[in-house]
Amino acid sequence: MKKSQRISTAIAAMCAAAVMNAGQIKIETNGISMILESESGHTLDLCYFGEKLMNTTEFAHAWHITQPDTGDAYGLQLYPAYGGRFFLNPALKLTHADGVITTELVYESHEQTVIDDNRTATVIRLRDKIYDAHVDLHFLAYNDENVITQSVVFRHNETGNVLVENIASSYITLKARNYYLTHFHGTWAREMQLSEERLTPGVKVIESKKGVRTTQSDNSAFLVSLDEPAQEYSGEIYAGALAWTGNYKMQFEVDEAGLLHIVGGINPFASAVSVAAGEEFATPEMILTYSNCGRSSISHNLHDWTRKYNIAHGNEERPIVLNSWEGAYFDFDEDVITGMIDDAAEFGIEMFVLDDGWFGNKYPRNADNAGLGDWQVNKKKLPHGISYLADYAVSKGLKFGIWMEPEMVNPDSELAHRHPEWIVQSGERDMLPMRNQLLLDLTNPEVQDFVFNAFDGVLNMSPNISYVKWDANRHADNVGSTYLAQNEQNRFWHDYINGLYSVYKRIRAKYPDITIQLCSSGGGRLDFGALKYHDEFWTSDNTNALDRLYIQYGTNIFFPAIATAAHVSTSPNHQTGMMLPLKFRFDVAMMGRLGMEMQPGQLEGAERTFAIEAIKLYKELRPTIQFGDLYRLNSPYDNDGYCSNMYVSKNRGEAVVFAFSTIYHNRTQSYGIKLHGLDPNRHYLLKEVNTMPGDKTYAGDGKVYSGEFLMKAGLSLPLDNAFSSMVFHLVEQ
Ligand code: DGJ
């Protein structure tokens, strides 16, 4: 072939490729490609989602399927509605104004906007083939964090209302030999328990219908590992979590061709919403990430993304907290609290938080059966008010925080008598108390104002309040609203959460600097939707260090250490009765945001000295733990009686290693762990830290090792006894 012929053939091929890919849409980060394809009037299809591609042109029609009986070729719709040839669980189910129950979505247009050098927004507009009904898919791709978020907006101009029966935030299709699903189930004091299973043909569902404490059954966060169970440092893993504080449903459907379809979003259960012409219905965001090198990168992606984009003050170190709950419960007066503040100051603690029990006068809050809703200081217990305590804490060099549960009301409260219509209720049915309390109806704007004003009023008690613990100790049942119209009761689940978010937004607009803890009977409300407005979460009411190893392990796969409130409590533990060494309790709590949940003054002698030194040490290790990368070395779920994690600073100059033994091993066995994340070419001084006085046990203490040695040979630890633990600080030389 002559040169000129070769050139024209090449140009023809390029033009053909360009034409073929005219409808290709790329949603990409530094490490992920999601390739879509569309043409006006045709479906929007997924061609590829996974490791970043070098060249996407060949991927056009990559997943086209030809139907054997009709010979029709069709793609895998990115956002399938119930209608047309679609026969699996759909992303969207509508009943149109004229009663037609099917929808067929086709591509209309799309636009991409570079927001800054890390983020690109994509909006893809779909519409029904026949009806004036529209679905906009919104994506935001975060380059460095390898996170893609997706949400959906529905609107229409039909002549009458459209019933939205199901509207997912995302729909992902994967193709592999096998799929392993990891999800996180639990209950009160046993949150975020990891469970992994191979998906078989059919549908596996994870959902919540509890409305407020969504994580008390399962969390919406999930991992899907391809072909083999999820590994820490190898293998392809997809992760998702719904940024929504209400009911959700995640469906994992393995179809007859062996493809996995993951549909996730608001739970359609009892939630069909009637949308008027011109009105919009928006879904929450699904947070998605992917790794081709195992679970640890999934955590790095999500932790980095959370700190940068989805938590308050993600770049600021968290203070060490003494929370009054387990030390005093409801049983305190001014002297008890000032005594705790004195102790906290002596221990080097930086924030004192006054928990439940400080409010209510006509119905004093001396137990959990009265006072909720009456946010005035209890004059009998605290005659000099909150400002006295806050000033006292500040005079001792501490910050001051306070507990609230503003969404709730006790029947024995002035609020319940004043506004019975503000309580969630289902017609004439009994209201069903839980922990002696009822839920306020946040669908009602007057209740939203009340909650905002309650928060505002408490903060106005003293300019020295710098932290609020926002609790929520029940979920929603017998739901309904006196505010919503009779034919709108199904909006409850959705409007409650949007009402809550609108209060959060008002609070954050007025109080951008306040630290707010997300708490719901412990970790009952843990999701990226609420976390965005908070600084941290109370991980669990279970402060028993052994249980915390499991709870924090599951939690920290998605949520970072900086947000994981982890408090040292007394022994025997109040929830479990278990007795554990103080060192073990501190070592576990130091893997998160350290705090104490006891009377520190109870610690005496060597234990007191140890605790004071541990707090001092945590301040030194804190930047690495709170801002570094988490590497899991050994899971408590491995059932070998060991557990180990390490944190490595972003510049790889420092690391902190934690190792635990939870059973008796034997004296001839040592615990071998190979470290991760270090620079093989650098050298690190290894120091065993956080030891009881005179108790250093590691022979390698004070020696310098190369990163290569530490990662290839590792450490051999003399951890034989049950509930023994070791901590190492590595500093580059
Ligand atoms: C549940 C929380 O998780 C506890 O820490 C404590 O604040 C109590 N509520 C107070 O009622």
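Quick notes on this structure:
- The calculated Kirkwood hydrodynamic radius for the stretch 281-418 is 17.8 Å, given to one decimal from all distinct C-alpha pairs.
- Accessible-area composition of the chain, carbon plus sulfur, in percent [1.4 Å probe]: 50
- Probe 1.4 Å, accessible area per residue of the chain, Å²: 37
- Close amide-amide hydrogen proximity is noted between LYS469 and ILE402, TRP403, MET404, GLN517, each under 5 Å apart and 5 or more residues distant or on a separate chain (H modeled in the peptide plane; Pro and chain starts excluded).
- Taking the stretch 632-732 as the region of interest, the number of lysine pairs whose Cα atoms are within less than 17 Å, with members eight or more places apart or on different chains, is 6.
- Simple spin-label estimate for GLU51 and ASP331 in nanometres, 7 Å along Cα-Cβ: 6.1
- Computed label-point distance, nm, for sites THR159 and ALA485 using a 7 Å Cα→Cβ extension: 2.0
- Pairwise Cα distances in the stretch 595-733 exceed 19 Å in 53 percent of cases.
- Summarising the amide proton neighbourhood of SER724: residues at separation of 5 or more, or on other chains, whose placed amide H is nearer than 5 Å comprise SER661.
- Solvent exposure of ARG307, expressed as accessible area, is near 30 Å², computed with a probe of 1.4 Å over the protein chains only.
- The Cα atoms of the stretch 255-319 give a gyration tensor whose axes a ≥ b ≥ c have a/c of 1.5 or more with a/b no greater than b/c, which makes the shape oblate.
- Structure-based [θ]222 nm, the chain - -39500 (n - 2.57) summed over DSSP H runs of at least 4, per residue, nearest 500: -6500 deg cm²/dmol
- Chain lengthening between ARG177 and ASN721 when straightened (0.36 nm per residue, less Cα-Cα): 191.6 nm
- With θ taken as phi - 60° and the Karplus curve 6.51 cos²θ - 1.76 cosθ + 1.60 applied, the whole-hertz 3J(HN,Hα) list for the stretch 227-241 is 6, 9, x, 4, 9, 6, 10, 8, x, 8, 9, 10, 10, x, 7 Hz, x standing for glycine and proline.
- Neighbourhood net charge (12 Å Cβ-Cβ; Lys/Arg +1, Asp/Glu -1) for LEU382: +1
- Rounded to the nearest 0.05, the FRET efficiency derived from the C-beta distance between ALA606 and ARG667 at R0 = 22 Å is 0.35.
- J(HN,Hα) series, the stretch 311-328, from Karplus relation 6.51 cos²θ - 1.76 cosθ + 1.60, nearest Hz, glycine and proline x: 7, 6, 6, x, 9, 10, 4, 8, x, 7, 10, 10, 9, 7, 4, 6, x, 9
- Extension gain for GLU316-LYS619 works out to 107.8 nm (0.36 nm per residue, less the C-alpha to C-alpha distance).
- With 0.36 nm allotted per residue and the present C-alpha distance subtracted, the ASP132-ASP116 stretch has 2.4 nm of extension available.
- Report note on the peptides 577-590, 686-699: ranked by the mean count of other C-beta atoms within 10 Å, highest first, their order is 577-590, 686-699.
- Cα-Cα P(r), the stretch 322-627, percent of pairs per 20 Å interval: 33, 58, 9, 0
- Calculated FRET value between LYS379 and THR70, using beta carbons and R₀ = 60 Å, to 0.05: 0.15
- Whole-Hz Karplus values for the stretch 56-71 come out as 9, 4, 5, 7, 4, 6, 4, 10, 5, 10, 9, 6, x, 6, 9, x Hz, taken residue by residue from phi with 6.51 cos²θ - 1.76 cosθ + 1.60 and θ = phi - 60°; glycine and proline positions read x.
- FRET efficiency, 1/(1 + (r/R0)^6) with R0 41 Å, evaluated for LYS674 and ALA257 via beta carbons: 0.50
- Amide H contacts for ASN634 (H built 1.01 Å from N in the peptide plane; partners 5 or more residues away or on another chain; cut-off under 5 Å): SER644.
- Of the two radii for the chain, the radius of gyration is 1.00 times the Kirkwood radius, both from the alpha carbons; that is the Rg over Rh value.
- Modelled spin labels at VAL123 and ALA699, positioned 7 Å past Cα toward Cβ, are 6.7 nm from each other.
- Projected area, mean over directions - the stretch 410-452, Cα convex hull, nm²: 3.2
- All other residues whose Cβ lies under 15 angstrom from that of ILE206 are scored, Lys and Arg at +1 and Asp and Glu at -1, for a net of -3.
The values are calculated or read from the model by the stated rules, or taken from the named source; none is laboratory data. Here the structure is a predicted model, which is why all the values come from computation and not from measurement. Glycine also receives a Cβ, built like all others from the backbone with ideal geometry; neighbour counts cover every protein chain displayed. We work out accessible area using only protein heavy atoms, side chains counted, and drop any ligands, DNA or RNA first. Shrake-Rupley method; radii C 1.70, N 1.55, O 1.52, S 1.80 Å.
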